[in-house]
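In what follows, a single structure is set out as structure tokens and then discussed.
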Amino acid sequence: MNNLAGFLTSGAVALPAAAVVYLWERWRLSRPGGPYARADFSGLILLVALAASWWVYLPTHPQLAGVLFGGGIVFVIAALADNWRPAWWLAIVGVVVVGALLSYQGVTVRVVNLPFSQNDISLGWFGHVVTVLWMVICAVLFAQAASILAVPLGVAGLAAGTFFLVCQLQPAVTGPVAAFAAVTVCGACLVQLPFARMLSYAGATAGAYTIGYLIGALSVMGALKNAAFLVAVLPLIVVGVPLFAATYTYAAELRRGWRAVVFTERRRHLHDLLLSQGYSQRQVIGILLGGTVYLCLLALLLVWIIKITFVVKIVVVAATVAFGLLFFYTLLRLLPHAPAEQLPRSSGQVRLLGMPLDPLTLDEALQEAERFLVEDRPHMIVTPDASAVVRAQHDKELRQIIEEADLVPPDGAGVVLAARMLNLPVDVRCAGCDMVEQLCRAAANRGRAVYLLGGEAGVAEEAAAKLQERISGLEIAGCQHGYFTPEEEPEIVKDIRQKRPGVLLVALGIPRQEKWIKAHLEDLRVPICIGVGGSLDVISGRKKRAPVWMQRAGLEWLYRTIKEPHRLLRLQALPAIVWMSIRELLRSPDLPSEPPQNG
Ligand code: UDP
């Protein structure tokens, strides 16, 4: 266990130094009048860790010692460049010079091993270029993600630790140097991690350049050991979060057109995005590091099933990543967080997949509805979910109805998802059940009655009774089940008109309820007519609503499908609306036909 000895040695030197520095910084910052310019002790810790490892490895692994020495040089150049003035290019020049020297000394990508072939491709002199480029890419990606330093440090530390475990599992494939290297990076990152929140910016950036460089260089050394698959995948996992963030940023920019990619701010990483959504720094660190742990476990799984063919591996990776994305998305929705940065609202309708949509919250939608009550002329509210949007693409009548509706607040997680993909300012959905209750409250406040139409026999009456229990002073104008014949319709319309309710709740299911309301809107003369789908079933208590956590996670559709499997077919609306949104994105209507002139 020579490598463990190396790790313990570097840790034994660095940890007490780190503890002393930590206490010193705390004392200094707590003094009245502080803090003043912080000395960069974080860099000292990194340098001590590098020097200790260098000392340990020099006799037996001179090449590794060379990489670590190079790390020290990169750190010093990056720190000086940043203290002098933010000269990021100088840090990159440092990485290029050190990378070129190392490559000349043999730390080079000599061959590449393609996934589907057994043959190695020799790179010749081009290998030096690839080597240097790879180190620069790793360093830059890492440094860019350094605005919350705990993220890249934690990612690198965890991934290097995983790599160490991989080396223990497959010593013959990876060779001893890779294990030593992994231990060094892991130690360097973990030692810095507790200080991440108090590191000065210059030290943070320089440290990030150094660790990025180390990862790049060490993965090249691994490549020499022919562990092609592992070294191709693991460095990606190591820089996975920054890389993902950069990709996300580019994808987001691409949505606005190619020119925007070049000219607009590109440094909005995933963690910046989460922060702007109102998550705390602690939550963001937890989420991203949690995601990394998940990826690391995936890496270990891949090593464990290393005998399995490449195709099976790809399938396993795709399935695990898809599950992970769903899990973390749900987790994000569940975590309590402050409201997102204020989105431009109420500035008028937006258009989602060719249809109007009012980007309103429930409260804002209710304000509009109250206005309808005061105006006292017929209005129609449509709350489209994903199935309605998808159906309206080919159902001309439904599309026309939505087009002419007085208010179209979004309902359903699918609609909100599509709107977010298309960068429309739609943030929350107005769930049907909540809307019904609030509309009834508004009607009661204004002394207007409510009429309930739809559902099986007895449902409307039971829902009315429940609503009256909850809302004092609510007057019910009438109740009518939804399984009537066309011949009975005129009588029902007449009944509603005579009773003059302020709100008519129509529960006949999409699109029948919308078409029914539209056909009779003028005859009914009700200020607010709204299709409410299965809401009366839920309010009556005959059907249960999804638990609150599922509602918050936008998973109500899943609950309803489990409870009512016959709704399974309706689920196709979700992938359909996502696919339609992607198509819309690719069509990119914002793309300028003429590229803007420079300058
Ligand atoms: N319904 C009705 N008459 C019909 C068909 C349906 O009253 O001819 C009722 C049905 O009993 C249910 C509601 O309409 O209460 C439709 O609920 P669903 O959950 O399908 O609608 P969604 O909320 O999905 O739009």
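Where a number appears in this text, it was derived from the coordinates with a stated rule and is not lab data. Since the structure is predicted, the reported quantities are computational estimates derived from the model, not experimental observations. Here Cβ is always computed from backbone atoms with ideal geometry, including for glycine, and neighbour counts include all displayed protein chains.
Name the single residue, out of those in the range 375-390 being outside any loop (DSSP other than H, G, I, E, B) and either within 16 Å of the ligand (Cβ to nearest atom) or free of Cβ contacts under 8 Å to residues at least 24 places away in the same chain (or both), that is farthest from the chain's Cα centre (by Cα).
Result: Met380.
State whether the residues of the range 567-576 include one that is crowded, with 20+ Cβ neighbours inside 10 Å, within 25 Å of Asn445 (Cα to Cα), of a type in the set (A, V, I, L, M) and more than 9 Å from the ligand (Cβ to nearest atom).
No - not one qualifying residue is present in the range 567-576.
Would you tally the residues in the range 454-473 being within 15 Å of the ligand (Cβ to nearest atom) and of a type in the set (A, V, I, L, M)?
First, the residues of the range 454-473 that are within 15 Å of the ligand (Cβ to nearest atom): 454-464, 466.
Within this subset, residues satisfying the condition of being of a type in the set (A, V, I, L, M) are 457, 459-460, 463-464.
Qualifying residue count, the range 454-473: 5.
Which of the residues that make up the range 525-544 are under 16 Å from Ala369 (Cβ atoms), more than 13 Å from the ligand (Cβ to nearest atom) and touching a helix residue (DSSP H, G or I) at 6+ places or on another chain (Cβ under 6 Å)?
Pro527, Ile528, Cys529
If we scan the range 307-317, do we find a residue that is in a helix (DSSP H, G or I) and in contact (Cβ under 8 Å) with a residue 40 or more places away in the chain? So that I can check it myself, show each step before the final result.
Initially, the range 307-317 is screened for residues in a helix (DSSP H, G or I), giving 310-317.
From what is left, the residues that are in contact (Cβ under 8 Å) with a residue 40 or more places away in the chain are 310.
Within the range 307-317 (the criterion being in a helix (DSSP H, G or I) and in contact (Cβ under 8 Å) with a residue 40 or more places away in the chain), the answer is yes, since at least one residue qualifies.
Looking at (1) surrounded by fewer than 19 Cβ atoms within 10 Å (Cβ to Cβ); (2) more than 16 Å from the ligand (Cβ to nearest atom), find the lone condition where Tyr483 falls short.
With respect to (1) surrounded by fewer than 19 Cβ atoms within 10 Å (Cβ to Cβ); (2) more than 16 Å from the ligand (Cβ to nearest atom), Tyr483 is out only on (2).
Just need a number here: residues in the range 374-394 that are surrounded by fewer than 16 Cβ atoms within 10 Å (Cβ to Cβ) and either of a type in the set (Asp, Glu) or at positive phi (or both).
Step one: list which residues in the range 374-394 are surrounded by fewer than 16 Cβ atoms within 10 Å (Cβ to Cβ), which gives 374-377, 393-394.
If we keep only those that are either of a type in the set (Asp, Glu) or at positive phi (or both) too, we end up with 375-376.
Looking only at that region, the number is 2.
Return the pair list, or none, for Cβ contacts closer than 7 Å from residues in the range 500-523 that are away from the ligand (no atom under 15 Å from the Cβ) to residues that are among the hydroxyl-bearing types (Ser, Thr, Tyr) and outside any loop (DSSP other than H, G, I, E, B), at least 6 apart or on different chains.
Pro501/Tyr451
Go through the range 414-453 residue by residue and tally those that are within 16 Å of the ligand (Cβ to nearest atom) and more than 17 Å from Val389 (Cβ to Cβ).
9
Could you count how many residues in the range 407-451 are over 24 Å from Arg497 (Cβ atoms) and not basic (Lys, Arg)?
Total satisfying the criteria: 27.
Conditions first: (1) more than 16 Å from the ligand (Cβ to nearest atom); (2) closer than 24 Å to Phe328 by Cα; (3) in contact with a helix residue (DSSP H, G or I) (Cβ under 9 Å, 6 or more places away or on another chain). Glu584 passes all but one, so which condition is the exception?
With (1) more than 16 Å from the ligand (Cβ to nearest atom); (2) closer than 24 Å to Phe328 by Cα; (3) in contact with a helix residue (DSSP H, G or I) (Cβ under 9 Å, 6 or more places away or on another chain) applied to Glu584, the lone miss is (2).
If we keep just the residues of the range 545-564 that are within 13 Å of the ligand (Cβ to nearest atom) and not aliphatic (A, V, I, L, M), which is surrounded by the fewest Cβ atoms within 10 Å (Cβ to Cβ)? Steps first, please.
Step one: list which residues in the range 545-564 are within 13 Å of the ligand (Cβ to nearest atom), which gives 545-546, 556-557, 559-561, 563-564.
Now restrict to residues that are not aliphatic (A, V, I, L, M): 545, 556-557, 559-561, 563-564.
On the way: Arg545: 19, Glu556: 21, Trp557: 21, Tyr559: 15, Arg560: 19, Thr561: 16, Lys563: 11, Glu564: 13.
Ranking the qualifying residues of the range 545-564, first place goes to Lys563.
So for the range 405-412 (the condition being crowded, with 17+ Cβ neighbours inside 10 Å and within 13 Å of the ligand (Cβ to nearest atom)), does at least one residue qualify?
Yes, the range 405-412 has at least one match.
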